[in-house]
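Single-structure report; data block below.
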Amino acid sequence: MYGSIAKIYDQAGWPDFSGQTYRKLKPLLKIWQVKTHLDLACGTGDFCTLARDSGIDTMGVDNSPEMVKIARDKFPLIKFRVMDMRDFNLKAKFDLITCLFDSINHLASFKDWRKTFLSAYSNLNNNGRFLFDANTISTVNKHASAVKKINGQTLLIDRRNIGQDMCRFTVEYGGEKILSVKEKGFRFEKIKKEIVNVGFQEPEILFGSVEKPDLESRIFILARK
């Protein structure tokens, strides 16, 4: 599904989110003494290479073979594997597992969120951390669109609410629809409860309002094993 946008992913500027997020996280990574890292839904691998440049042993997984191929070509010294974040099991365990750029919202069923939490928990070291960001219900219930030019072709990105805290995310390039997926938002209290049920300590919110997280556009949630 996401292979259709792999060729224009970097040109569209989506990896910029990796740089923005890493700059915020870098001081915390030292405090947390992160030595090993896994990035879920890693896309074309930019967050992994930033971690590696900081001396962290890192790898990435993505369920798109096309994305993984590009990541391997860009960063041949980093391990990338084709795997589903809902059900992965690696021999190594990690100090930090990330799932960024609202990738988890692309799981429309909360059962799949739970599966992702369980897989992350199983692949963390003791006291390891799972960090993910999610679009809130406030965001998925709003319409938003953007237009860019890539190689002389128009790129149209559109997010449109379809009810029940869900939106349709579409990408058109050169007049052709190349991606159409659902994104689902859930209230923070529901997410927090399930994270604890899986076995994590009570999660905390980074870079956002603790009092009214559902009113934020995006929240970063940190859960410790």
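The values are calculated or read from the model by the stated rules, or taken from the named source; none is laboratory data. These numbers come from a predicted model, not from an experiment. Here the Cβ is made from the backbone with ideal geometry for all residues, glycine too, and neighbour counts use every protein chain on show.
Out of 130, 94, one residue alone is surrounded by 14 or more Cβ atoms within 10 Å (Cβ to Cβ), within 12 Å of residue 40 (Cβ to Cβ) and within 12 Å of the chain's Cα centre (by Cα). It is 130.
Could you grab me the full set of residues in segment 50-70 that are farther than 17 Å from residue 103 by Cα, part of a helix (DSSP H, G or I) and in contact with a strand residue (DSSP E or B) (Cβ under 8 Å, 6 or more places away or on another chain)? Result: 51, 52. Of all residues in segment 166-184, exactly one satisfies the criterion of being touching a strand residue (DSSP E or B) at 6+ places or on another chain (Cβ under 6 Å) and part of a loop (DSSP other than H, G, I, E, B), namely 174. Here residue 163 fulfils each of the conditions (1) over 26 Å from residue 11 (Cβ atoms); (2) assigned by TED's automatic domain parsing to the domain that holds residue 21; (3) outside any helix (DSSP H, G or I) apart from (2). Considering (1) among the hydroxyl-bearing types (Ser, Thr, Tyr); (2) over 19 Å from the mean Cα position of the chain (by Cα); (3) surrounded by fewer than 14 Cβ atoms within 10 Å (Cβ to Cβ), the lone condition that residue 173 does not fulfil carries the number (3).
Within segment 194-218, the set of residues being over 23 Å from residue 21 (Cβ atoms) and exposed (fewer than 12 other Cβ atoms within 10 Å of the Cβ) comprises just one member, 197.
Residue count for segment 76-85 under the criterion of being in contact with a Ser or Thr (Cβ under 9 Å, 6 or more places away or on another chain) and crowded, with 19+ Cβ neighbours inside 10 Å: the result is 2.
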